[in-house]
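Just below is one structure, and these are the notes that go with it.
The values are calculated or read from the model by the stated rules, or taken from the named source; none is laboratory data. Predicted, not measured: the structure shown is a model, and the values here were computed from it. Glycine gets a Cβ as well: all are built from the backbone with ideal geometry, and neighbour counts include every protein chain shown. Only protein heavy atoms, including side chains, enter the accessible area calculation; ligands, DNA and RNA are left aside. Shrake-Rupley method; radii C 1.70, N 1.55, O 1.52, S 1.80 Å.
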Amino acid sequence: MTTRRDFLIIGGAGVCTLAAPLASFAQHQTKVWRIGILSVRSRPGSFEGDPYGVFLKGLRELGYFEGKNIVIEWRFAEGKYERLPGLAAELVGLKVDVLVVVNTTVIRAARQATSTIPIVMLTSSDPVGSGFVASLARPGGNITGLSNVIGDIAPKYVELLTIVVPKLSRVAVLLNPANTQHRSTFSNIQTAAANAGIKAFPVEAETAQQVESAFAAMVQQRAGAMIVAIDARFTDYLPQIVGLAARNRVPAMFPERGYVEAGGLLSYGRDFAESYRRAATYVDKIFKGAKPAELPVEQPTKFELVIDRKTAKALGLTIPQELLLRADEVIG
């Protein structure tokens, strides 16, 4: 016969037995991280071949998969910079674990939206000068990531163009007026051009229609070549910009290799795809407990020169052998 006392003992053992697997189950539950990605660009039709695709691949290589242990909240401003503060606030309201951003204006919008959620910069032209971090070695706040020091290497664009176009006297610089970093970029190019006896003048565009108008202005002002400043929005217009440069027979210097792979003349800069892949490691470190304030901002250690020889021939240009030997890749 089982007494009430015996039943309570048995029942108590049963509760203990049941509690053990429940505790074990809780311990093995996978943490699902929420990543907010804020961009001024339009959402790409496919992430295949897009820098964001490289970032996602970097996450997968580190063991993070959508639908398994991460959720990604995308917010694209479609080129409308005025939307950025509201989109940043949306992501903060979703209580994301980290914000991933690129472009000075986007980083600023994210910083204004939160001082506590970690922010990872995919690239930043001048994070110290822009006030995003105290120093590259010790950021000191909730922002860290990668710097592309584009302003520092802008004069190199002029040097390379003068090799490819020896009698160059006037160069147009395609800028986005909404990108505050472009003011210093143009200043650097203008100084370098003046030192080489070349007149640099700005042409501005925010929309696809304005890109068309910018090229018309270049032709009207007799530009012998052009330099395209790095800008996330220009990435959306990449095929259009490359096509217009070819149609108007304007030798063009681009800030990243994607333009040359699409038929542009030449590019010089860091490997931006590698930057996006490296940014995934920052997200991983933060998820594992690292504080952005103590994660040094990475600077590029390698810059690559890519040349499309077929495009040069179509423009009637001869690329000197010495420059071809210096190139990291020659296409065509």
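Laid out as a table, the results:
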| quantity | calculated |
| --- | --- |
| Among residues of the range 98-131, those that are farther than 26 Å from ALA229 by Cα and either in contact with a helix residue (DSSP H, G or I) (Cβ under 7 Å, 6 or more places away or on another chain) or open to solvent by less than 10 Å² (accessible area, probe 1.4 Å) (or both), counted | 5 |
| Residue within the range 310-327 that is open to solvent by less than 60 Å² (accessible area, probe 1.4 Å) and charged (D, E, K, R) present | no |
| PHE201 among the aromatic types (Phe, Trp, Tyr), within 27 Å of ALA312 (Cβ to Cβ) and under 21 Å from the mean Cα position of the chain (by Cα) | no |
| Enumeration of residues in the range 269-290 that are aliphatic (A, V, I, L, M) and modelled with pLDDT under 95 | ALA273 |
| Qualifying residue in the range 239-260 (condition: open to solvent by 20 Å² or more (accessible area, probe 1.4 Å), closer than 30 Å to MET121 by Cβ, of a type in the set (D, E, K, R) and not in a loop (DSSP other than H, G, I, E, B)) | yes |
| Residue match in the range 175-187 (condition: among the β-branched types (Val, Ile, Thr) and either free of Cβ contacts under 8 Å to residues at least 40 places away in the same chain or at positive phi (or both)) | no |
| Failed criterion for LYS167 (all others in (1) part of a loop (DSSP other than H, G, I, E, B); (2) buried (at least 16 other Cβ atoms within 10 Å of the Cβ); (3) of a type in the set (D, E, K, R) hold) | (2) |
| The range 57-88, residues that are surrounded by fewer than 17 Cβ atoms within 10 Å (Cβ to Cβ) and in a loop (DSSP other than H, G, I, E, B) | LEU62, GLY63, PHE65, GLY67, LYS68, ASN69, GLU78, LYS80 |
| Answer residue from the range 33-51, given it is over 11 Å from the mean Cα position of the chain (by Cα) and charged (D, E, K, R) and is most open to solvent (accessible area, probe 1.4 Å) among those | GLU48 |
| Count of the range 265-280 residues which are in a helix (DSSP H, G or I), of a type outside the set (Phe, Trp, Tyr) and either open to solvent by 10 Å² or more (accessible area, probe 1.4 Å) or touching a Pro at 6+ places or on another chain (Cβ under 8 Å) (or both) | 5 |
| Those residues of the range 292-309 which are open to solvent by 70 Å² or more (accessible area, probe 1.4 Å) and touching a residue at least 24 places away in the same chain (Cβ under 8 Å), in sequence order | GLU294, GLN299, LYS302 |
| Selection status of ILE230, touching a residue at least 24 places away in the same chain (Cβ under 8 Å), open to solvent by 10 Å² or more (accessible area, probe 1.4 Å) and either among the hydroxyl-bearing types (Ser, Thr, Tyr) or assigned to a loop (DSSP other than H, G, I, E, B) (or both) | yes |
| Hey, ALA293 in contact with a Leu (Cβ under 8 Å, 6 or more places away or on another chain), at pLDDT 95 or above and on the phi < 0 side of the Ramachandran plot or not | no |
| Search result, residues across the range 206-227 that are of a type in the set (S, T, N, Q) and either crowded, with 17+ Cβ neighbours inside 10 Å or within 30 Å of PHE47 (Cβ to Cβ) (or both) | THR207, GLN209, GLN210 |
| Qualifying residue in the range 170-177 (condition: at pLDDT below 95, of a type in the set (A, V, I, L, M, F, W, C) and in contact with a strand residue (DSSP E or B) (Cβ under 8 Å, 6 or more places away or on another chain)) | no |
